[in-house]
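Values in this text are rule-based calculations from the coordinates and carry no lab data. Keep in mind that what you see is a predicted model, and the values were worked out from it rather than measured. We place every Cβ from the backbone using ideal geometry, glycine too, and count neighbours over all the protein chains shown.
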């Protein structure tokens, strides 16, 4: 599959600060709440877990990571942007707020596997309707991936984001 190279115009400093002060900490908070609520004991907690899982998947994409599915899910660098008509994008990724994409070489094979399983499971269990996908998204993967993702956001956002959310 070909990925077009669409790059957004640079974000204004005020927009960058809005992402760093509000949007990213909010998603990290959801990720932490999802981890803390797992395994879900009731439907309210399961909604929180699902919101955390979807936020984790969003943050992986923000960090420039995705998956390829053949033969099994594996973590890959994905620096492309979603392209709207006329070659435009409204997607925001970590370099747009002054940070840097994750380089796969900084992750261990085990960390890559956990993040690939999490991304795949998040897609199959939460982000898309699927049937008998055998995604394998379990409590251990959610806990391990949540910690890894929060650490990667902390390491790759050059300007500190809300520390409370990062420590979730």
Q. Peptides 86-96, 62-72, 114-124, 143-153: what's the order by average Cβ count within 10 Å, highest mean first?
A. 114-124, 143-153, 62-72, 86-96
Q) Rounded to the nearest 0.05, what FRET efficiency is calculated for residue 104 and residue 23 with R0 set to 25 Å and r the Cβ-Cβ distance? A) 0.50
(Q) Output needed: percent of Cα pairs per 10 Å distance bin for the range 13-166, bins running from 0 to the one holding the longest distance. (A) 11, 41, 36, 12, 1
